1. If the convex hull of the alpha-carbon atoms of the range 158-222 is projected onto planes in all directions, what is the mean projected area in square nanometres?
2. Counting Lys and Arg as +1 and Asp and Glu as -1, each charge on the Cβ, what is the dipole of the chain about the Cα centre in debye, to the nearest 20?
3. At a 1.4 Å probe radius, carbon and sulfur cover how many percent of the accessible area of the chain?
4. For the chain, report the accessible area per residue in Å² (1.4 Å probe, heavy atoms, rounded to an integer).
5. Defining a contact as two alpha carbons under 8 Å apart and six or more residues distant in sequence, what relative contact order in percent does the chain show?
6. In nm, what is the difference between 0.36 nm times the number of residues separating residue 161 and residue 120 and their Cα-Cα distance?
7. For q values of 0.11 Å⁻¹, compute log₁₀ I(q)/I(0) with the Debye formula on a Cα-only model of the range 93-197, without solvent.
8. With Rg and the Kirkwood Rh both taken from Cα atoms, where does Rg over Rh land for the range 69-113?
Amino acid sequence: MKKLLLALTTFILCREVAEAQPVPTIDYPWIKVQTAKVATTYPDLMSNPNFNRTVIQYLDGYGRPLQTVDYMASPLKKDIISGVETFDALGRIDKSYLPVPVSSASGQYISNVESTAQSFYGDSKPYGKVALYEASPISRPLKVFGPGAAFQTPSSSGVEENYTVEGAGIRRYVMTDDNTISGTGSYTNGQLIRTVTKDEDGNEVIEYRGGKSGRLVQRHQK
C-alpha cells in the first residue's frame, strides 16, 4: 500500500511539473532565477510554482531591463509583470510602471503592459515619471512625479531633489578602537554632498553624505 501511495504521489508531482513549465520569449535576452520555497531532493520540482518561485527578467539590446515576469505569482496563479520602464532620447528612465497581474501564466514577455496597467488600476497614468534631470554627466533626477494621474496634474509639484557640495558646520565624529565615539571638529566645504528632498506637501528632508564614500553623515527634517 505504501509503495502504491508513493508511486501515485510521484506521478502527480511529475504531472504537475510537466504542466507548469515557464516558456520564456526567445525574441529578447532573458535571465531566469529560481528560488526554492521548500526543501527538496527532487531537482525537477524546481519547475513547479508550488515548490519554487520563478522570476524571468527580459533585457533590451543594450542590456537594460525591459520587464520582470514573476511566474504564476498572483493569487489566481497568473504572471505578475513589474520593472517596466520607458526611456527618453538620452537613454534615461522616463516612466516606471506599477506591477500588474496579467491573464497569462507562461513566463513570456508581455507587450501591452501599459494598457493592461491602465485597465487594472483604473488610472490613465499608472506610472511614476522623472520630469527633470540634472544637466550634467551624472544626470541625477531633480523632479519626480508619483504614480497616478492625481499626482501628475499641471498644478502638481512632484518630489524635488537639490544637490550641493558643502560641509562647513557639520560636526565630524570618529569611532576609536575601543568603540568610543569622539568629536574631531567639523567638515570643511567640499567634503560632503548635501541633498534636499522636498515632497508634494513641501516637507523637506536634508541629508549630508561623504563626497567620496557616499555614507550618510547627517539627516534632519524640516
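The values are calculated or read from the model by the stated rules, or taken from the named source; none is laboratory data. Being a predicted model, the structure only gives us computed values, none of them experimental. When we count neighbours, we look across all protein chains shown, and the Cβ atoms used for this are built from the backbone with ideal geometry, even at glycine. Heads up: the accessible areas ignore ligands, DNA and RNA and are worked out on the full protein's heavy atoms, side chains in. Shrake-Rupley method; radii C 1.70, N 1.55, O 1.52, S 1.80 Å.
1. Averaged projected area of the range 158-222's Cα convex hull equals 5.0 nm².
2. 540
3. 56
4. 64
5. 10
6. 11.7 nm
7. Cα-only, vacuum Debye calculation for the range 93-197: -0.61.
8. 1.07
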